[in-house]
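Accompanying notes for the structure given below.
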Amino acid sequence: MSFYGSALLLAWVAIVLLGLTVSGLVRQVHALQSPRRPEGLEADLPTGTQAPTIDGLAWDRQRTNVLLFVDASCHSCAQVLPYLGTLAGERTGDTAFTALFAGHDGGFQTDHVRVLTRQARAFEQYQVPLTPFGVTVSPEGVLVAAAPVGSDKILKELVERGGHGGSVT
């Protein structure tokens, strides 16, 4: 094969590989922008089963319990946490909100959200794949929903899916 033939073949191979790479990137960007949650990010805890107990937390038997698993160094968590406080303040009477931190709380405090720190064991029990991650538990202690919570809108959907809304102590 001549030099020009080899160069032409190599150019076509490079073009095909570049096209495959670009199509893969386009697919990734489309998946990130899609409102549908990516597969593999759901916890393996089946809804309708008894929720694992958490040290330092008793289920509120009068209200739906919303747990938000967060990390103080997580950028997405820092964006969702203020809305958690706002959402908890807006709800009246039938939802209890709890923020669970793997380590320290990073200074997050609000009157409407219980804050539990050093909850690495709870992260393992609930099989939290990433933060922020929300879990809704019924007043009877049964898992209602679990999903990644990357925005205020998704957090609100999780709360609405799990109950009628409400305030926390």
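Filter the stretch 129-148 down to the residues that are modelled with pLDDT of 85 or more and farther than 24 Å from R61 by Cα, then identify the one that is surrounded by the most Cβ atoms within 10 Å (Cβ to Cβ). Applying the filter and picking the extreme gives P132.
Restricting the first member to the stretch 97-120 and to residues that are touching a residue at least 40 places away in the same chain (Cβ under 8 Å) and over 18 Å from K156 (Cα atoms), and the second to residues that are open to solvent by 20 Å² or more (accessible area, probe 1.4 Å) and not in a loop (DSSP other than H, G, I, E, B), the beta-carbon pairs closer than 7 Å and six or more apart or on different chains are L116/L57. Just one residue in the set G89, G106 is over 23 Å from T53 (Cα atoms) and either in contact with a His (Cβ under 6 Å, 6 or more places away or on another chain) or hydrophobic (A, V, I, L, M, F, W, C) (or both); that residue is G89.
With respect to R121, is the statement that it is open to solvent by 30 Å² or more (accessible area, probe 1.4 Å) and in a strand (DSSP E or B) true? No, not satisfied.
The one condition from (1) modelled with pLDDT under 85; (2) open to solvent by 30 Å² or more (accessible area, probe 1.4 Å); (3) closer than 30 Å to R118 by Cα; (4) not aliphatic (A, V, I, L, M) that D71 does not meet is (1). Among the candidates D105, D152, D60, D111, the residue that is touching a helix residue (DSSP H, G or I) at 6+ places or on another chain (Cβ under 7 Å), modelled with pLDDT under 85 and not hydrophobic (A, V, I, L, M, F, W, C) is uniquely D152.
The values are calculated or read from the model by the stated rules, or taken from the named source; none is laboratory data. Remember, predicted model here, so these are calculated numbers, not experimental data. Cβ coordinates were reconstructed from backbone atoms using ideal geometry, including for glycine residues, and neighbour counts include every protein chain displayed. The area values use the complete protein model at the heavy-atom level, side chains included, leaving out ligands, DNA and RNA. Shrake-Rupley method; radii C 1.70, N 1.55, O 1.52, S 1.80 Å.
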